[in-house]
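Here is the structure we will look at, set down as structure tokens.
Quick note: the coordinates plus some simple rules give every number you see, no bench work behind them. In this text, all values refer to a predicted model and were calculated from it rather than measured experimentally.
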Amino acid sequence: MRQAQVFYKNQLAGILTQEDKGNFTFCYLDVWFTDNSKPSVSLTLPKTAQCHASEVLFPFFTICFQKV
């Protein structure tokens with residue numbers, strides 16, 4: 001398992017996890033989720049109490065990690 005911290009404007013918003021089987025989850029931190037002034041990190045990853053799950057890396061993160 002691998003994990004990465006996800007920041008929004010230099011503030012920790014959630015954790016991206018790649019499980020050993022290759023699937024991905026993204027979870028907002030409770031403190032981020034409960035603060036109504038904090039936005040979603042992406043329109044495709046709305047703030048929810050449940051983790052987002054995907055068999056492939058979420059497109060939002062694919063764009064973030066592209067080489068320039």
Worksheet, complete the sentence: In deg cm²/dmol, rounded to the nearest 500, the helical mean residue ellipticity at 222 nm of the chain, built from -39500 (n - 2.57) for every DSSP H run of length 4 or more, is -3500 deg cm²/dmol
Practice prompt. With an 8 Å cut-off on Cα pairs and a minimum separation of 6 or more residues, tell me the relative contact order of region 2-64 in percent.
Written response: 28 percent
Worksheet entry | Phi to ³J(HN,Hα) by Karplus 6.51 cos²θ - 1.76 cosθ + 1.60 over region 45-50, Hz, x for Gly, Pro | 10, x, 5, 9, 6, 8
Worksheet item: Considering amide H positions built from the backbone, and no H for Pro or chain starts, which residues 5 or more places from A13, or on another chain, come under 5 Å of its amide H?
Response: V6, F7, Y8
Item to complete: Subtracting the Cα-Cα distance from 0.36 nm times the residue separation, let me have the gained length for T34 to C51 in nm, one decimal.
Response: 4.7 nm
